[in-house]
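Following: one structure in structure tokens, then a few remarks.
The values are calculated or read from the model by the stated rules, or taken from the named source; none is laboratory data. What you see is a predicted model, and the numbers here were worked out from it, not measured in a lab. Methodologically, a virtual Cβ is constructed for each residue, glycine included, from the backbone with ideal geometry; neighbour enumeration extends over all protein chains shown. Heavy atoms of the whole protein, side chains included, go into the accessibility calculation; ligands, DNA and RNA do not. Shrake-Rupley method; radii C 1.70, N 1.55, O 1.52, S 1.80 Å.
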Amino acid sequence: MNTSANTTVDLSIVVSLFNEVESLGELVAWIDSVMKQNGYSYELIMVDDGSTDGSWEAITGLSASNTSIRGISFRRNYGKSAALYCGFKAATGRVVVTMDADLQDSPDEIPEMYRMITEDGYDIVSGWKQHRKDNKLTKNIPSKIYNAAARRITGISLHDMNCGLKAYRNEVVKNIEVYGEMHRFIPYLAKNAGFNRITEKPVHHQKRKYGKSKFGMNRFVNGFLDLMSIWFLCTFGKNPMHFFGLTGILMFLTGGIIAVWLIISKIVHQVNGLDFRPVTDQPLFYLALVAVLVGVQLFLSGFVGELVSRNSSERNHYNIKETIR
């Protein structure tokens, strides 16, 4: 099997897979046919994410008859983000395409996506499965809700943020880091790295031919939580005081103003001989104290975050487009 790529090719096709042994032969033949029809030089990087069904043995056998296949095998299942990270790191193609191994993504879409990158000048072309072949109740409706939330939070007008079929300019995948479950938000990671030319292309979506989906309903809940995490990190990751400090000051001032108002109100009533409640008998006073204490803690959290951020090895990491000597 090829373990290294010495020359740059037109396309690097990164396929992350987990227990998809039944579909691999058909997928490789389909991709190879499309590449030859269009005269592309390519490498097919297949990342086996700890499969236990013989997928790696199948990749090894396929690579013996197809020198364009490169393989990476994990010792255990790390997840799709880890697989894509390693695939991106190994990719040498001018354009990098990602797709799933379950035959639901069509390789026939690749030539047009390649053209949109190389001729139209886009940084990312994301697939849009307009007519999904999944269960409407468990996949389609939750997906629409999730993508609507993602569009609003990220500001990227994609109808299918999590579509596995995407094409990237090589420079994009070399300047982003995919980890955890952040593969769902690669366009947002790219946008925050300065790659703003992002578009989508309607793609054909097929029914799963073999096996069953590896993702359940919990991916939508986890996906929303990950979306909030990445939004926070991209917005306040290098200046945490802007969030924690501001929030802390607002809570401190709110609690302080309420406490002072209660004390002054009690004094005024007492001086004028009016009925009054002791400040310490009022629940609002204790809520004000809590707000003051939480405000101080948030401010200190922001201060500690700034210390960590300023000592990070990534504090002066910038993506430079070009330079002139």
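List the equivalent ellipsoid semi-axes of segment 153-207 in whole Å, largest first, each obtained as the square root of 5λ for an eigenvalue λ of the Cα gyration tensor.
Calculated on Cα positions only, the semi-axes equal 19, 13, 12 Å.
Can you tell me how segment 75-201 classifies by the Cα gyration tensor, rounded, prolate or oblate, using a/c under 1.5 as the rounded cut? Could you put the intermediate results ahead of the total?
Working: a/c = 1.31, a/b = 1.20, b/c = 1.09.
In terms of gyration-tensor shape, rounded.
Compare TYR286, TYR168, TYR42 by solvent-accessible area with a 1.4 Å probe and give them largest first, with all protein chains kept in place.
TYR286, TYR42, TYR168
How much length would be gained if the chain were fully extended between SER229 and VAL308, taking 0.36 nm per residue of separation minus their Cα-Cα distance, in nm to one decimal?
Net length gain for the segment: 26.7 nm.
Heavy-atom accessible area of HIS131 with all protein chains present, probe 1.4 Å, nearest 10 Å²?
140
In terms of the Cα gyration tensor, with a ≥ b ≥ c the square roots of its eigenvalues, is segment 46-104 rounded because a/c is under 1.5, prolate because a/b exceeds b/c, or oblate?
Cα axes put segment 46-104 in the oblate bin.
Quote the FRET efficiency, to the nearest 0.05, computed for ASN66 versus GLU119 with a Förster distance R0 of 22 Å and r equal to the Cβ-Cβ distance.
My answer for the efficiency is 0.20.
Could you look at segment 151-269 and say what percent of its accessible area is carbon and sulfur, using a 1.4 Å probe and all protein chains?
63
Could you tell me whether segment 12-83 comes out rounded, prolate or oblate from its Cα gyration tensor? Rule is a ≥ b ≥ c as square roots of the eigenvalues, rounded for a/c under 1.5, then prolate if a/b exceeds b/c, otherwise oblate.
On the way: a/c = 2.19, a/b = 1.70, b/c = 1.29.
Judged from the Cα gyration tensor, segment 12-83 comes out prolate (a/c at least 1.5, a/b above b/c).
Just to compare against my own numbers: the Cα pair-distance distribution for the chain, 10 Å bins, whole % per bin, please.
With 10 Å bins starting at 0, P(r) equals 5, 21, 27, 18, 11, 8, 5, 3, 1, 0.
Given a 1.4 angstrom probe, I'd like the percentage of the accessible area of segment 1-134 that is carbon and sulfur, rounded to a whole number.
Summing carbon and sulfur atoms, their accessible area is 44 percent of the total for segment 1-134.
Please find, in a Gaussian network model of the chain (springs between Cα atoms separated by less than 10 Å), the residue of ARG151, ARG184, ARG277 whose mean-square fluctuation is greatest.
Residue with maximal mean-square fluctuation among ARG151, ARG184, ARG277: ARG277.
Run the numbers for ILE249 and LYS36: contour at 0.36 nm per residue of separation, minus the present Cα-Cα distance, in nm.
70.4 nm
Less than 12 Å Cβ to Cβ from ILE45, Lys/Arg counted +1 and Asp/Glu -1: what total charge do the surrounding residues give? Walk me through the numbers on the way to the answer.
Details: positive: ARG70, LYS89; negative: GLU43, ASP48.
The answer is 0.
What order do you get for 92-105, 294-307 when each peptide is scored by the mean count of other beta carbon atoms within 10 Å, highest first?
Those peptides, ordered most packed to least, come out 92-105, 294-307.
Extension gain TYR179-SER73, at 0.36 nm per residue separation less the Cα-Cα distance, in nm?
In short, 36.4 nm is gained.
Where only protein heavy atoms count, and the probe is 1.4 Å, what is the accessible area per residue for the chain in Å²?
Working: 17690 Å² over 325 residues.
For the chain, the per-residue accessible area is 54 Å².
Mind giving me the nanometre distance, one decimal, between the label points for SER265 and LEU293, set 7 Å out from Cα along Cα→Cβ?
2.2
Tell me which GluC sites (Glu not before Pro) from segment 44-147 have a DSSP coil assignment and no more than 13 other beta carbons within 10 Å of their own.
When the GluC sites (Glu not before Pro) of segment 44-147 are filtered for loop state and at most 13 Cβ neighbours within 10 Å, GLU119 remain.
Starting from the residue with the highest accessible area, list ARG152, ARG75, ARG169, ARG70 in decreasing order, probe 1.4 Å.
Largest accessible area first, the residues go ARG75, ARG152, ARG169, ARG70.
With r as the distance between the Cβ atoms of PHE276 and ALA148 and R0 = 51 Å, compute the FRET efficiency 1/(1 + (r/R0)^6) and round to 0.05. Each step should come with its number before you reach the end.
Values: r = 52 Å, r/R0 = 1.02.
Once the sixth-power term is evaluated, E becomes 0.45.
Which FRET efficiency, nearest 0.05, do LYS89 and LEU300 yield, Cβ-Cβ r, R0 30 Å? Please report the intermediate quantities before stating the final value.
Working: r = 38 Å, r/R0 = 1.27.
Here the calculated transfer efficiency is 0.20.
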